[in-house]
Amino acid sequence: MTFVQIIEYETDRPEEVNAVFDEWLKKTEGKRTVTRESHGRDREDSRHYVDIVEFPSYEQAMTNSNLPETQRTAQQLRDLCTGEPRFVDLDVVGEF
């Protein structure tokens, strides 16, 4: 079953966040289990971002989460945010 994680956060340092994600992409090439990611900025609040990350399954998401590079990136993201990121974990039960 497809699994989606939504990560919602605020930052005053979007360029640094993008650099952290770019570095993660390089370091996890061939290891990450993400099948798709969308990175969006709120039109009403330019400090508010939402990432939608898709995986083939919850188990694959946990494999990705346990990568040392992912753990390091998560901490770097927290350090660049104005508050704690919010994570929403979803099992996809339908697609239209």
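Ranked by how many other Cβ atoms sit within 10 Å of their own Cβ, fewest first, the residues LYS31, LYS26 fall in the order LYS26, LYS31. Given 10 °C and 1.306 mPa s, compute D for the chain with the Stokes-Einstein relation, Rh being the Kirkwood radius over Cα pairs; round to the nearest whole µm²/s. Reported coefficient: 114 µm²/s. Below 11 angstrom from the Cβ of ARG41, what's the summed charge of the other residues (Lys, Arg +1; Asp, Glu -1)? Summing Lys and Arg as +1 and Asp and Glu as -1 gives -3. GNM remark for the chain: springs join alpha carbons under 10 Å apart, and the peak mean-square fluctuation among ARG78, ARG43, ARG13 falls on ARG43.
When only DSSP loop residues count, what GluC sites (Glu not before Pro) in the stretch 59-96 have their Cβ near at most 11 other Cβ atoms within 10 Å? Hits after loop and neighbour filter: GLU95.
Exposure proxy ranking for TYR49, TYR58, based on other Cβ atoms within 10 angstrom of each Cβ and starting from the fewest, stands as TYR58, TYR49. Helix-only arithmetic for the chain: the sum of -39500 (n - 2.57) across DSSP H runs with n ≥ 4, divided by the residue total, places the mean residue ellipticity at 222 nm at -11000 deg cm²/dmol.
Since every read-out is calculated from the coordinates, none of them should be taken as a lab result. On a predicted model such as this, the values are computed, not experimentally measured, just so you know. Note that each Cβ is placed from the backbone with ideal geometry, even for glycine, and that neighbours are counted across all protein chains shown.
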